[in-house]
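> Supplied in structure tokens, the structure appears directly below.
The values are calculated or read from the model by the stated rules, or taken from the named source; none is laboratory data. Worth saying up front: this structure is predicted, and the values here are computed from it rather than measured. We place every Cβ from the backbone using ideal geometry, glycine too, and count neighbours over all the protein chains shown. Keep in mind that these areas ignore ligands, DNA and RNA; they rest on the heavy atoms of the full protein, side chains included. Shrake-Rupley method; radii C 1.70, N 1.55, O 1.52, S 1.80 Å.
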Amino acid sequence: MRHVGWIAGAAAAALVAAGAITYAVAEDAGPAAKAPTADSADAGFARDMAVHHQQAVEMSYIVRDRTKDDEVRRLAYDIAQTQANQRGMLLGWLDLWGLPKVSADPPMTWMGMGDMPPGEDGALMPGMATNTEMKKLGTLQGKQAEILYLRMMTDHHRGGIHMAEGCVAKCTVGVEQRLAQGMVDAQRSEIELMDTMLEERGVKPRD
């Protein structure tokens, strides 16, 4: 509990700010502005990060049912709420821009990584967990579930940071760039927190 109080406040602030961010994007991409194209970094990031976030939400809700540890449950809830809200904004922007939510191009094409080998066992993008890992998480209880979740989410955040940094560098819609930078900052802080939580459980993050 002592580690995650500030995260709860940050998550609440993000939810409150969502309407303002969406409104700002509406102004940026309104009738007088040129909306991003389907093959733009803005659209690619929105599509790919929406998929990436969805898995984080799923694994967070799985672990909440597999442990009674208040600290882990609170962290998982905050991550789920924050990323579900951000996912809604990303998909909403695609609607606002009149762009499809899926693409025939491979994931990460907008980052120049479309030729990377297909992800194994459902891990479509860097940091994503495999289907086998997700199933295993759903079979564990207590400390074992906590450790696997913290390791998986640390990997997930590392991949998410890489993508968000790509948007900061390549996206053209200002509020989307700022949201991406906010993801980088928040997820780096959460990785530090999860490192501490893993240390308290006598293990280290995966290399």
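> Can you tell me the alpha carbon radius of gyration of the range 58-162 divided by the globular rule-of-thumb value 2.2 N^0.38 Å?
Rg over 2.2 N^0.38 Å, computed on Cα atoms: 1.20.
> Still on this structure, I have one more. Taking R0 as 45 Å, what's the FRET efficiency between Thr37 and Val203 from their Cβ-Cβ distance, rounded to 0.05? Numbers along the way, then the final one.
Numbers: r = 45 Å, r/R0 = 1.00.
Working from the Cβ atoms, E equals 0.50.
> First obtain the Kirkwood hydrodynamic radius of the range 114-193 from its Cα pairs, then insert it into the Stokes-Einstein equation at 20 °C and 1.002 mPa s, and state the resulting D in µm² per second as a whole number. Kindly include the intermediate steps, with their values, before the conclusion.
Details: Rh = 13.9 Å.
Diffusion coefficient, whole number: 154 µm²/s.
> Also: What's the carbon and sulfur percent of the range 60-207's accessible surface, probe 1.4 angstrom, rounded to a whole number? Each step should come with its number before you reach the end.
Working: 3580 of 7110 Å².
Exposed carbon and sulfur together represent 50 percent of the surface.
> If you count, for each residue, the other Cβ atoms within 10 Å and average over each peptide, how do 153-165, 112-124 line up from highest to lowest?
Numbers: 153-165: 21.3, 112-124: 12.3.
Ranked by mean Cβ neighbours within 10 Å, highest first: 153-165, 112-124.
> Which lysines have a Cα lying under 27 Å from the Cα of Lys68, excluding residues fewer than 8 positions away in the same chain?
Excluding near neighbours in sequence, the set is Lys135, Lys136, Lys143, Lys204.
> Summing Lys, Arg as +1 and Asp, Glu as -1, what charge do residues with Cβ under 13 Å from the Cβ of Leu124 carry, Leu124 excluded?
With Lys, Arg at +1 and Asp, Glu at -1, the net is -3.
> Read phi for every residue in the range 190-200 and hand back ³J(HN,Hα) as whole Hz from Karplus 6.51 cos²θ - 1.76 cosθ + 1.60, θ = phi - 60°, with x for Gly and Pro.
5, 4, 4, 4, 5, 4, 5, 5, 5, 4, 5
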